Amino acid sequence: RREAPGERGREGGSGGPGLWGRLGGEGEGIPSRHGVRCPRAVRGAGGGGEGEISPSPQCAHTHTPGCGYCPRSARARVPQVTVRDALNQALDEELERDERVFLLGEEVAQYDGAYKISRGLWKKYGDKRIIDTPISEMGFTGIAVGAAMAGLRPVCEFMTFNFSMQAIDQVINSAAKTCYMSAGSISVPIVFRGPNGASAGVAAQHSQCFAAWYAHCPGLKVVSPWSSEDAKGLLKASIRDDNPVVMLENELLYGVPFEMSEEAQSKDFVVPIGKAKIERQGTQVTLVSHSRPVGHCLEAAAVLAKEGVECEVINLRTIRPMDIEAIEASVVKTNHLVTVEGGWPQFGVGAEVCARIMEGPAFNYLDAPAVRVTGADVPMPYAKILEDNCIPQVKDIIFAVKKTLNI
């Protein structure tokens, strides 16, 4: 069996102690909404009683509505659902709703998935709809694309999107182009999904972000969720879409709990593809990001708010088609733009955002050049200290904001 990057001892598996130890450190900190323990948040510090969770004076995780991190209260009634469970819910609901939907990939059935996304689905739906495949991305991706052409709605799971390179011909030349080449007579309703981008200590061959790669290709839709609501709503929308959709998840987010609204708990809940979300309102600078860096942007915004700088944080959710109207509206309001992504700097998502703003009416409202925060332009190193310096950090976002604001 191929070992998923997240199963190895250093990463701690699917939310295992190794991963949590690395991300959250030690101590009695309170788990924040992005799953990383906040060691500065302590019970009762705010005078709100034993059940209250409040930050120390040094804690950047303020309880403002736009913070998106520490829960306002331990007694809060809004349920929290991990990204893993949200994806599992989405798959379960769509398998139940439409008999044409099926899931295939390595270890998705009896093992419940390398990251336990498909937990319990094989027992419920059986071998015909939850299908374990050999270790051959080229083979099972071709099977999935052919099944989609024949009228089924496959969900094709890659253990990591780095392995999708083994099936790039099937994704690009078969799935993405068939509708155009058949003059619209053949649709390919398929979802390619799995973890994307940097994880923890998995080095150069397992840490690439493929957002720009797949978003470059006409015929594909590309989505990149951050929260549990994003994950559930975008996966359901992707399965129902008649076009091939690439869904780029993040391994480090799978075990992270987010608040799940009553609306999102409904079986009818979907997140429209192509619509961004404003995660935090602001007036001085626009931060545009997707996937895990959205959390970094919110944390940076909380720090900057204490210095009197109000950031607006946009969660793209969809890379292609990009919601450029939402970005333009924000830039018109704030007059400054910073993009944040985990991928390489050249020809990336941030470069596309900046180009679209430059070419459109919002360019006239910019008071300073846009600034990009990206991963380093090198293959991902294995050593932790080098890895940390190759991935955008909160301090990098704060520096970029101050640079564009000239403060």
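Each reported figure results from applying straightforward, stated rules to the coordinates on display, with no laboratory input. Not measured: the values here are computed from a predicted model. Note: ideal-geometry Cβ built from the backbone for every residue, glycine included; neighbour counts use all protein chains shown.
Quick notes on this structure:
- Here Lys177 is the anchor, and the lysines within straight C-alpha reach of less than 24 Å, apart from those fewer than 8 places off in the same chain, are Lys221, Lys236, Lys275.
- Between Met159 and Glu106, the built amide H atoms are under 5 Å apart, and every one of these is 5 or more places off in sequence or on another chain.
- Largest to smallest principal axis extent of the C-alpha atoms in segment 277-405, angstrom: 43, 34, 24
- Ranked by the mean number of other Cβ atoms within 10 Å of their residues, highest first, the peptides 155-164, 115-124 fall in the order 155-164, 115-124.
- The shape of segment 178-275 comes out oblate: with a ≥ b ≥ c from the C-alpha gyration tensor, a/c is at least 1.5 while a/b does not beat b/c.
- Across segment 82-259, Cα pairs under 8 Å and at least six residues apart give a relative contact order of 26 percent.
- Mean sequence separation of contacting Cα pairs (under 8 Å, at least six apart), scaled by the length of segment 269-379, corresponds to a relative contact order of 29 percent.
- Alpha carbon centroid spacing (whole Å) that separates segment 154-201 from segment 270-304: 27 Å
- Summary value for segment 232-286: 55 percent relative contact order, contacts being C-alpha pairs under 8 angstrom separated by 6+ residues.
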